[in-house]
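Asks: What follows is a structure written as structure tokens; I'll ask about it next.
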Amino acid sequence: MWILETERLRLRELEEADLPALCAILQDEETMYAYEGAFDDQEVREWLDRQRMRYRRWGFGLWAVILKETDELIGQCGLTLQPWKETEVLETGYLFRRSCWHQGYATEAAKACMDYAFETLGAGEVCSIIRDTNTASKKVAVRNGMVLKDHWVKHYRGVDMPHDRYAAVRQ
């Protein structure tokens, strides 16, 4: 069942059968540089389980991004609730297979997720929390009309990671 559809992409919930495709993304060192390195098998399993738990709990999470042309999973994009300072924000996040970078897929999928958040969920604001060194993801946020709101240092994998929060508000 498709949750969202764009010109080139379809988004659906991640399934157990997606584990190998997720491994190809989450176990690639270059793709995962913003996370301080590739995930091991257990971390990929936990990632998949966490998304599926989010679907049950909130009705959304990171969804599988399927390329219509080939019917293959090329990434994930969706909505999650993320901690930010003393609060929780609705975030659209995206992570794609390296061979699919620089083709507009992240922008296309993230825009569809933002529209879903505003139109279907009734959100007033959607954010993207992006590591300060992740220039490509910042460009996706700006292309989708987000503006830089603030900064915060997150602690992940034993590392202090400065992050920027980009946001768009419902028009």
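The values are calculated or read from the model by the stated rules, or taken from the named source; none is laboratory data. Treat the numbers as computed from the prediction; the structure is a model and nothing was measured. Don't worry about glycine lacking a Cβ; one is built from the backbone with ideal geometry, like all the others, and counts go over all protein chains shown.
Asks: So, of the residues in the range 65-78 that are under 15 Å from Y116 (Cβ atoms) and of a type in the set (A, V, I, L, M, F, W, C), which turns out to be surrounded by the most Cβ atoms within 10 Å (Cβ to Cβ)?
Replies: V65
Asks: Just need a number here: residues in the range 135-155 that are in contact with a strand residue (DSSP E or B) (Cβ under 9 Å, 6 or more places away or on another chain), surrounded by fewer than 21 Cβ atoms within 10 Å (Cβ to Cβ) and either of a type in the set (A, V, I, L, M) or not in a helix (DSSP H, G or I) (or both).
Replies: Residues flagged as in contact with a strand residue (DSSP E or B) (Cβ under 9 Å, 6 or more places away or on another chain), surrounded by fewer than 21 Cβ atoms within 10 Å (Cβ to Cβ) and either of a type in the set (A, V, I, L, M) or not in a helix (DSSP H, G or I) (or both) within the range 135-155 amount to 11.
Asks: Taking G75, is it more than 15 Å from the chain's Cα centre (by Cα), modelled with pLDDT of 95 or more and either more than 21 Å from E5 (Cβ to Cβ) or not in a helix (DSSP H, G or I) (or both)?
Replies: Considered against the rule, which asks whether it is more than 15 Å from the chain's Cα centre (by Cα), modelled with pLDDT of 95 or more and either more than 21 Å from E5 (Cβ to Cβ) or not in a helix (DSSP H, G or I) (or both), G75 comes out as no.
Asks: Of (1) assigned to a helix (DSSP H, G or I); (2) surrounded by fewer than 17 Cβ atoms within 10 Å (Cβ to Cβ), C113 satisfies all except one. Which?
Replies: With (1) assigned to a helix (DSSP H, G or I); (2) surrounded by fewer than 17 Cβ atoms within 10 Å (Cβ to Cβ) applied to C113, the lone miss is (2).
Asks: A follow-up question, please. Inside the range 13-71, can you point out the residues that are closer than 26 Å to V153 by Cα, part of a helix (DSSP H, G or I) and within 14 Å of the chain's Cα centre (by Cα)?
Replies: Matches in the range 13-71: I25, L26, A34, Y35, W47, L48, R50, Q51, R54.
Asks: Suppose the filter is within 20 Å of Y55 (Cβ to Cβ) and surrounded by 13 or more Cβ atoms within 10 Å (Cβ to Cβ); does L81 pass it?
Replies: Yes.
Asks: I've got another one for you. Taking the condition of being touching a Leu at 6+ places or on another chain (Cβ under 7 Å) and not acidic (D, E), how many residues in the range 97-130 meet it?
Replies: Going through the range 97-130 one residue at a time, the tally reaches 9.
Asks: Here is a further query. When you look at L4, is it closer than 15 Å to E72 by Cβ, of a type outside the set (F, W, Y) and at pLDDT 95 or above, yes or no?
Replies: No, not satisfied.
Asks: Suppose we keep only residues that are assigned to a helix (DSSP H, G or I) and in contact with a helix residue (DSSP H, G or I) (Cβ under 6 Å, 6 or more places away or on another chain) within the range 87-109. Which one would you say is surrounded by the most Cβ atoms within 10 Å (Cβ to Cβ)?
Replies: Selected residue: A106.
Asks: Next question. For the range 117-124, state whether one or more residues are assigned to a helix (DSSP H, G or I), under 14 Å from the mean Cα position of the chain (by Cα) and farther than 23 Å from A38 by Cα.
Replies: Yes, the range 117-124 contains a residue that is assigned to a helix (DSSP H, G or I), under 14 Å from the mean Cα position of the chain (by Cα) and farther than 23 Å from A38 by Cα.
Asks: Here's a follow-up. Mind checking which pairs have a first residue in the range 2-13 that is more than 14 Å from A106 (Cβ to Cβ) and a second that is basic (K, R), Cβ under 7 Å, 6 or more apart or different chains?
Replies: Between residues of the range 2-13 that are more than 14 Å from A106 (Cβ to Cβ) and residues that are basic (K, R), the close pairs are W2/R10; W2/R12; I3/R12; R10/K68.
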